[in-house]
1. Please give, to one decimal in nm, the separation of the simple spin-label points placed at residue 46 and residue 14, each 7 Å out from Cα toward the Cβ.
2. Cut-off is 10 Å between beta-carbons; in what order do 54, 112 appear when sorted fewest neighbours first?
3. Length gain on complete extension for the stretch residue 150 to residue 107, per 0.36 nm per residue less the alpha carbon to alpha carbon distance?
4. Considering Cα pairs under 8 angstrom that are at least six residues apart, work out the relative contact order of the range 4-168 and quote it in whole percent.
5. So how do 191, 196, 246 line up by other beta-carbon neighbours within 10 Å, fewest first?
6. Rounded to the nearest 0.05, what FRET efficiency is calculated for residue 247 and residue 191 with R0 set to 25 Å and r the Cβ-Cβ distance?
7. Give me 85, 215 ranked fewest to most by other Cβ atoms within 10 Å of their Cβ, as a rough exposure proxy.
8. Obtain the nm distance between the two label points defined at residue 126 and residue 23 by a simple spin-label model: each point lies 7 Å from its Cα along the Cα-to-C-beta direction.
């Protein structure tokens, strides 16, 4: 339901800043999603609770307000502006939006949800008109900015889950996964080096794909194990592309990096470079 006029960057500027822009089917106009933010995606069959979209949005707001209260902050609603705001105080004379909400319902099954700024880089909001709001008395903020310190995402996430369970009156069952924790990518990045030997090549002297697949599998397994601190298994390799053949005598370097972590799996990107040392 947003306007492209609320995006303040050109396509060239988006590309230069490595910023992706997506059009999606939810309410709430334009917003920013990025690191340091908790993006909640509740999937509820509201037939099991209530069939009232406005009540649903108000309950999401209430969940955020209750979590903010746990940190000594008073979150508020503002008429005609969906989301959760912090009122003017001694350090700011503006209303500061700390959580944006935009939902979509299909047959009363909810999609999308909320974006709660925790340790978010707020400069990205200067590249858009957040939620299409042009009122000069309103801006954005984050939990870290309000508290003057960074807050662990996992800590806030745990509080959110508990509050949601209480508000919607359902039994909370948490599947504790080895992936449900913050971890720097650098901690799990894995680098392997291999020299291409005669047994690794075809009659033309080029590396056979099967050997590269095997080394990629090893790099992925080590990288995932470092990230998860648990035994893992490689499920699949999605795609391999060669820019040019890797030849006999080349030394290849495989760099495996976790790009996304899910409840029971990780996505790993492996980059392979080759150097001719002959």
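Values in this text are rule-based calculations from the coordinates and carry no lab data. These figures come from a predicted structure and were not determined experimentally. When we count neighbours, we look across all protein chains shown, and the Cβ atoms used for this are built from the backbone with ideal geometry, even at glycine.
1. For the pair residue 46/residue 14, the computed spacing is 2.9 nm.
2. Numbers: 54 8, 112 20.
Listing 54, 112 from fewest to most nearby Cβ atoms yields 54, 112.
3. Values: separation 43, 0.36 × 43 = 15.48 nm, distance 3.92 nm.
This chain segment gains 11.6 nm when fully extended.
4. RCO, the range 4-168: 30 percent.
5. Numbers: 191 13, 196 22, 246 25.
Listed from fewest to most nearby Cβ atoms, that is 191, 196, 246.
6. On the way: r = 21 Å, r/R0 = 0.84.
So, using R0 = 25 Å, E works out to roughly 0.75.
7. Working: 85 23, 215 18.
Taking fewest neighbouring Cβ atoms as first place, the list is 215, 85.
8. 2.9
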